[in-house]
1. To the nearest 10 degrees, how steeply does helix 17-35 sit against the main Cα axis of the chain, on a 0 to 90 scale?
2. Counting Lys and Arg as +1 and Asp and Glu as -1, what is the net charge of the other residues whose Cβ lies under 12 Å from the Cβ of L146?
3. At 7 Å along Cα-to-Cβ for each site, give me the label-to-label distance between V68 and K105 in nm.
4. Say the dipole of the chain comes from +1 at the beta carbon of Lys and Arg and -1 at that of Asp and Glu; which of Q25, T95, F152 then lies farthest toward its positive end?
5. Write down the Kirkwood hydrodynamic radius of the chain, to one decimal in angstroms, obtained as one divided by the mean of 1/r over all alpha carbon pairs.
6. Between 0 and 90 degrees, rounded to the nearest ten: what's the tilt of helix 42-85 against the longest Cα principal axis of the chain?
7. Are any of the pairs K55/K141; K22/K45; K30/K55; K103/K141 more than 29 Å apart by Cα-Cα distance, and if so, which?
8. Only sites in a loop by DSSP and with at most 14 other Cβ atoms within 10 Å count here; which GluC sites (Glu not before Pro) in segment 6-113 make the cut?
Amino acid sequence: MTNPFQDQFLKAGLVDKKRVNKVKQEQHKKRKELRRKPDDDPVAKTAELALLRQKEQSRQSNAQRDRVAREKEALSQIKQLAAGNRIEAGLGDVTFHFADTNKIKKMSLPKGIVDQLSNGLLGIVKVDDKYEIVPAVTAGKIRDRLPEALLFLNKGRDTDPDDPYAEFPIPEDFEW
């Protein structure tokens, strides 16, 4: 079965037999490609799935590596902040209790340091399994970088200007 237009062009001498055969081959290839879609090819599907799996694995490993690098950077920043702003309290006569995860820890501190801790001027952070006393501003910066490192920081006392008992504070050693 031939194309009537091809026959007419051949008779008129506009094209030769080679050209007609070449066009037929091209049309045959196009029809064959249309019939065989790349979705039907199991090898192509397997290769595509392997490529997607490899991309996902590399994305996950990159994300893991970036997370570890951020944690290391935050830990080194916390160490620098704590070392540069540490307050040497020394041993004192007042025992101060604070929570470290699910354990209650205690430190013997001078009364002035305990008052500052209670008023929210100082905080306690944990760096390399050591407890450091730092100013509240530094404790806030440490909390922003790694919240688990901040163990204790009072918010301070909010005083109401209309409070009639504002000039009578509750003593720290008051027992109910």
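Coordinate-derived values only; no laboratory data. Please read all numbers here as calculations on a predicted model, not as lab measurements. Heads up, the Cβs are rebuilt from the backbone with ideal geometry, glycines too, and the neighbour counts pull from every protein chain shown.
1. Rounded to the nearest ten degrees, it is 40.
2. +3
3. Going from the V68 label point to the K105 one covers 2.7 nm.
4. So the residue furthest toward the plus end is Q25.
5. 23.8
6. The helix 42-85 is inclined about 20 degrees to the chain.
7. K55/K141; K22/K45; K30/K55, as the Cα separations exceed 29 Å there.
8. E88
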